[in-house]
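The structure appears right after this line, and notes come after that.
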Amino acid sequence: MNKFGLSNFVRPSIFRSHCLGSIKTPTSVSTFVRFARTSAKKKNRGELSASQVRQKNLLSAVSGARKVPRKLDMCVEDLIRHNTVTRAWALYQKEIRDKRAQNLERQYRMIDEACDALKSAGDRNLYNKATKREFGKRFPMELRVPTDTPPKIVWQYEWSPEEKEKK
Amino acid sequence: MSSRLLINRSIKSVGFGNSAARRFNSSVSSLKVQSQAAKQALLQGVSQNRSTTLSKKASLRYNSPEGLDQVFPFAYEIIQTRSKSLYLQASELEKQIAQETNANQVQALKQQREALLVEAEINNPEVQYNFQMNQINMEVPVYRHLAKQKWSKYEMIKMIQRFETLHVIPDTLPTINPEVEVNVQFPNFVNKWVENGEILSTKVTSRAPIFKIQEFNEIPQGQKYTILVIDPDTPDIKNNSFSTSLLWGLTDIEVSLNNPLVHFDSRQLIDYVPPVPEKNTPTHRYVVWVFRQNIDSPPIQSNSIEDGVQRNRFDIRAFVKQHNLQPVGGHVWRNAWDRFTEEVRQDYGLPAGRVFSKERNSVRL
Amino acid sequence: MSMNCRQIRLGQALGRISRSYYSTEATSHIPSSTTSSLSTEQGSYVAPSPEQLAESRSKIRAGLILSRTPIVTPEVKPFEESYYNYQQELERRLMWTFPKSFYFKKGSMAEHKFNLAQKKPIQSVKGVFYERGIPDIKLGRERRFKQEVVIPLAEEEGADSGSANGADIDSVARRIMPEPRITEADKSNDVASLSRKLDRTLYLIIKQQKTWKFPSFSLEGDVELLHEAAERGLRQIGGTGMNTWTVSSTPTAVIAGTGSIKEFFIKSHILAGQFSAIKSEIEDFAWLTKEELKEKFDKQYYETLEPVISEQ
């Protein structure tokens, strides 16, 4: 027995440093287990304490020695098919991206055009106010992000301006 | 295995309409997989059709990744649709080329067209399969593109590296910008293409080598090539240095994309003399330079001192400048004196070689 | 100089907009010459007289593109679905064996339940010929195939307690039932309803003098701005029971109408409430998707405004 009240049984060297950590701050569970072990005077050297089991599980969860699957070997045909799929997906995504960028550019040109028309429409105040930068403008709280399935109440049909003022 | 049965059961047989298959260029047979069994395995999946690249035993144990057979038809459809639109663009360019009169413009348009044709077929699984199985036709732009890509990813880099470490550049020519793949084989060393920088026995190199010049671009009408084999390590005792000697010269070589071997009957500038390094000289480099000839230049005369063709003290830089040659590729192998050298000398009726001392004199000659 | 400056800003703005993933509409406009050329341009600009101002304001109309943004995500296309499925299968095939001992205490009831729920792979037995390859089992997993981790159902979930709706909606143990993506309004094709076509953007259009158009309003008074006019006008024709959010005070498009009238469009989203036609001049109104708008609109009107209307 050492000064911590621990018997000097042999532990796997890999856990030794972890066990020292647990001695400094013993939890109630580990204390209980320790007393149980010492009082019963078991000589089962292979059995680990609760904290050691926990640490072993922790370590084994992140070690891949026996967990890695077999290498995925594809035959020539399947590899070509896989590459075809990957390539098609990349092209499909690019198409979507390009289309979106093109549409944004068109929208921007339309805004530009509208602002130019407004400038030459006679009321300069209208133009100045319309093209003034709106600092601090935010999306309202009520605006929802689309979800996979709709909410229980799909649309709030009854709404009055007082509701807004309350908030 | 039960899970394998599950895979088989879950596959929805998605038919490939023949109309869809016709979207790739069907007129060129080299863009199709020739074997019907291989084609079915490639386009319909190896779960239903046995893979032709696996043995019967291996294919029983083989498990195709799940979900691949379901997604492939959609992917194939997307790639075909894209291919169709690219072919349309290419045919429009064709019309423009027919109307264009400016030669430079025509060249630029042709390049654009070729790029489109490559783009249209590069994702075709049948093309990829043919390329992997080495069933290619170099006349077709997409195969040329794939072959160039493969070469420039490994062989070209390796060749430049050997040229640099062996100081072939700048000892012979200032630099190299490889455009063609050059391969060398010796009749005494059958079915083995010589690796760049390899040290060979003089017995192997005692007979003239076979060359392969693989172009990756379309070869213009009347394009000819010149090959020089030189030894830049011939001892030059007078100057306490080395000089270059010309071992072999071939000119007016014509090769095609699908037949890249240099014909053994090509016009010689100078006869082949095998490498016979003298005893105790350092390992000699034997450099093969391949040049594109200028179409308008007059032909180089054989054994003509005016044309710079001379066995000893050959000046390759002056020769290249004089005949307006464009270096496009090269190769290097090495030889040292060995037990066959004297034999080779006797066969060719060459005088007995000198024997140098093992160490170079501390006193400069 | 001004043109050059605009081109640069256009590039910057496009870069900024296209980088944000969710943005499908370009809404910000930086005037081509607000800061740099204020002094020079205002020098040439002569303020109009009140009569001229009223005259020019009468030729400006504020149009309103009021949209209901999608409530559910867009339909997954067959290629996307099968691609995602393939990726998932690959991931399951390549994943490490599930670390059971990390999640379940040895000898516990939870571990027992988990073990019962798992499918057992075929064991490799000595002397047996396996035509399709010898099973390779480590930690209870066949390493040649994907791993299927079956999560054991809780008793409340497994049992058909019938508590999906009704009184015990607050019960923690109730079964979660997703709402359908297709609503009653879809089935009856009620174009006046806001709960139709949940995965699409709907636009409010009104029928006046037998033509379908986006609502548009004239400016009131001397100082009313475009977006103010649009908001006011909407409530005049559709009642006040609508919570809307105007995207920007900058017009998003312009259409030259009859005479020298110009119609500027303001974008806005409806957040709650509904449009109820309270003015008799409005013959009909509808909430429609892009394709449906194409059918209702005059061809030229649609083509001019087409880029502004979202496809999703």
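The values are calculated or read from the model by the stated rules, or taken from the named source; none is laboratory data. Small disclaimer: the values here were computed from a predicted structure and weren't measured. Because the Cβ atoms are built from the backbone with ideal geometry, glycine has one as well, and the counts that use them run over all protein chains shown.
Overview of values
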read-out: For C:Thr201: the one exception among (1) at pLDDT below 95; (2) within 25 Å of A:Val145 (Cα to Cα); value: (1)
read-out: Residue in region B:141-164 that is buried (at least 19 other Cβ atoms within 10 Å of the Cβ), of a type outside the set (D, E, K, R), assigned to a loop (DSSP other than H, G, I, E, B) and under 16 Å from the mean Cα position of the chain (by Cα) present; value: no
read-out: One residue from C:Trp245, C:Trp212 being under 29 Å from A:Trp155 (Cα atoms), of a type in the set (Phe, Trp, Tyr) and either assigned to a helix (DSSP H, G or I) or within 20 Å of the chain's Cα centre (by Cα) (or both); value: C:Trp245
read-out: Subset of region C:70-94 [more than 7 Å from chain A (Cβ to nearest Cβ) and outside any helix (DSSP H, G or I)]; value: C:Pro74, C:Glu75, C:Val76, C:Lys77
read-out: Residue match in region C:251-259 (condition: outside any strand (DSSP E or B) and within 26 Å of A:Arg133 (Cα to Cα)); value: yes
read-out: Any hit, region B:65-83, residues being without any contact (Cβ under 8 Å) to a residue 60 or more places away in the chain, more than 28 Å from B:Glu119 (Cα to Cα) and either of a type outside the set (Val, Ile, Thr) or in contact with a Cys (Cβ under 7 Å, 6 or more places away or on another chain) (or both); value: yes
read-out: Residue identified as within 25 Å of the chain's Cα centre (by Cα) and among the basic types (Lys, Arg) among C:Lys262, C:Lys267; value: C:Lys267
read-out: Among residues of region C:130-147, those that are of a type in the set (Phe, Trp, Tyr) and either surrounded by 15 or more Cβ atoms within 10 Å (Cβ to Cβ) or touching a residue at least 12 places away in the same chain (Cβ under 8 Å) (or both), counted; value: 1
read-out: Residue among A:Arg109, A:Arg87, A:Arg81, A:Arg100 that alone is closer than 18 Å to C:Ile266 by Cβ, part of a helix (DSSP H, G or I) and basic (Lys, Arg); value: A:Arg109
read-out: Elements of type helices (runs of 4 or more DSSP H) contained in region B:19-126, each with 2 or more residues being within 11 Å of another protein chain (Cβ to nearest Cβ); value: B:36-44, B:56-61, B:68-99
read-out: Per-region count, region B:139-179, residues of a type in the set (Ser, Thr, Tyr) and closer than 30 Å to B:Gln112 by Cβ; value: 4
read-out: Region A:74-96, subset more than 8 Å from every other protein chain (Cβ to nearest Cβ) and hydrophobic (A, V, I, L, M, F, W, C), residue surrounded by the most Cβ atoms within 10 Å (Cβ to Cβ); value: A:Leu79
read-out: Residues located in region B:29-42, provided they are touching a residue at least 24 places away in the same chain (Cβ under 8 Å) and crowded, with 20+ Cβ neighbours inside 10 Å; value: B:Val33, B:Ala38, B:Leu42
read-out: Within region C:149-191, tally of residues that are more than 28 Å from the chain's Cα centre (by Cα) and modelled with pLDDT of 90 or more; value: 2
read-out: Residue in region C:290-303 that is part of a strand (DSSP E or B), more than 9 Å from every other protein chain (Cβ to nearest Cβ) and either touching a residue at least 40 places away in the same chain (Cβ under 8 Å) or surrounded by 14 or more Cβ atoms within 10 Å (Cβ to Cβ) (or both) present; value: no
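One line per residue, one yes/no per condition, for (1) of a type outside the set (D, E, K, R); (2) surrounded by fewer than 16 Cβ atoms within 10 Å (Cβ to Cβ); (3) at the interface with chain C (Cβ under 7 Å from one of its Cβ atoms):
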| site | (1), (2), (3) |
| --- | --- |
| A:Met110 | yes, no, yes |
| A:Ala114 | yes, no, yes |
| A:Lys129 | no, no, yes |
| A:Lys132 | no, yes, no |
| A:Met141 | yes, yes, no |
| A:Thr147 | yes, yes, yes |
| A:Tyr157 | yes, yes, yes |
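For (1) at negative phi; (2) surrounded by fewer than 19 Cβ atoms within 10 Å (Cβ to Cβ); (3) at the interface with chain A (Cβ under 8 Å from one of its Cβ atoms), each residue gets a yes or a no:
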residue	(1), (2), (3)
C:Pro178	yes, yes, yes
C:Leu198	yes, no, yes
C:Tyr203	yes, no, no
C:Gln209	no, yes, no
C:Trp212	yes, no, no
C:Thr240	yes, yes, yes
C:Pro251	yes, no, yes
C:Thr258	yes, yes, no
